[in-house]
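Please treat every number below as a calculation from the coordinates, not as lab data. Just so it is clear, the structure is predicted and the values come from calculations on it, not from any experiment. Note: ideal-geometry Cβ built from the backbone for every residue, glycine included; neighbour counts use all protein chains shown.
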């Protein structure tokens, strides 16, 4: 398995946020580019760090080009009958696989990403 496959989660997290590339060269994966906010940079770094060997395999130069202003506050969504976190993520974040971002933002009230109830008000991360 190549490094691009190994770090597919980090690469998919970077999509749409990261103006740059992730190139495999000389046994390392080079993330080079820019993002608009510190939050976006941190999201990419957190995704990279899900792989225990990242220190030996990744070289990242991610610059923040935005003004450094704080990220806008999260919006909320009231769960309806038939909703799943994946469905909500697809609707509000554009990617059903981003459901863990919603789960992580709501750990104060959710213990399992598969167990949400109608009427719950969930924070939707920016």
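To the nearest 10 degrees, how steep is helix 38-48 against the longest Cα principal axis of the chain, on a 0 to 90 scale?
80 degrees
Full-extension gain between residue 26 and residue 65, please, as 0.36 nm times their residue separation minus the C-alpha to C-alpha distance. Intermediate values should be presented prior to the final figure.
Details: separation 39, 0.36 × 39 = 14.04 nm, distance 2.82 nm.
Here the segment from residue 26 to residue 65 would lengthen by 11.2 nm.
Please identify, among 66, 20, 33, the residue showing maximal mean-square fluctuation in a Gaussian network model of the chain using a 10 angstrom Cα cutoff.
Per the Cα network of the chain with a 10 Å cutoff, 66 tops the list.
Sort 100, 1 by Cβ crowding within 10 Å, fewest neighbours at the top.
1, 100
In percent, what relative contact order does segment 3-64 have, based on Cα pairs under 8 Å that are 6 or more apart in sequence?
38 percent
Over 18 Å apart: what share of the alpha carbon pairs of segment 3-64 falls there, rounded to a whole percent?
It works out to 22 percent of all Cα pairs.
May I have the pair-distance distribution P(r) for segment 75-124, computed from all Cα-Cα distances with 5 Å bins from 0 and rounded to whole percent?
5, 25, 38, 27, 5
Which one is right for this structure if percent of Cα pairs over 17 Å apart is calculated from it: (i) 67; (ii) 61; (iii) 54?
It is the value labelled (ii).
Once every DSSP H run of n ≥ 4 in the chain is given -39500 (n - 2.57) and the sum is divided by its residues, what mean residue ellipticity at 222 nm do you get, rounded to the nearest 500 deg cm²/dmol?
-8500 deg cm²/dmol
If you take every DSSP beta bridge whose two residues both sit in the chain, what share of them, in percent to the nearest 5, is antiparallel? Before the final figure, lay out the partial values.
Values: 11 of 18 bridges.
Antiparallel bridges: around 60 percent, rounded to the nearest 5.
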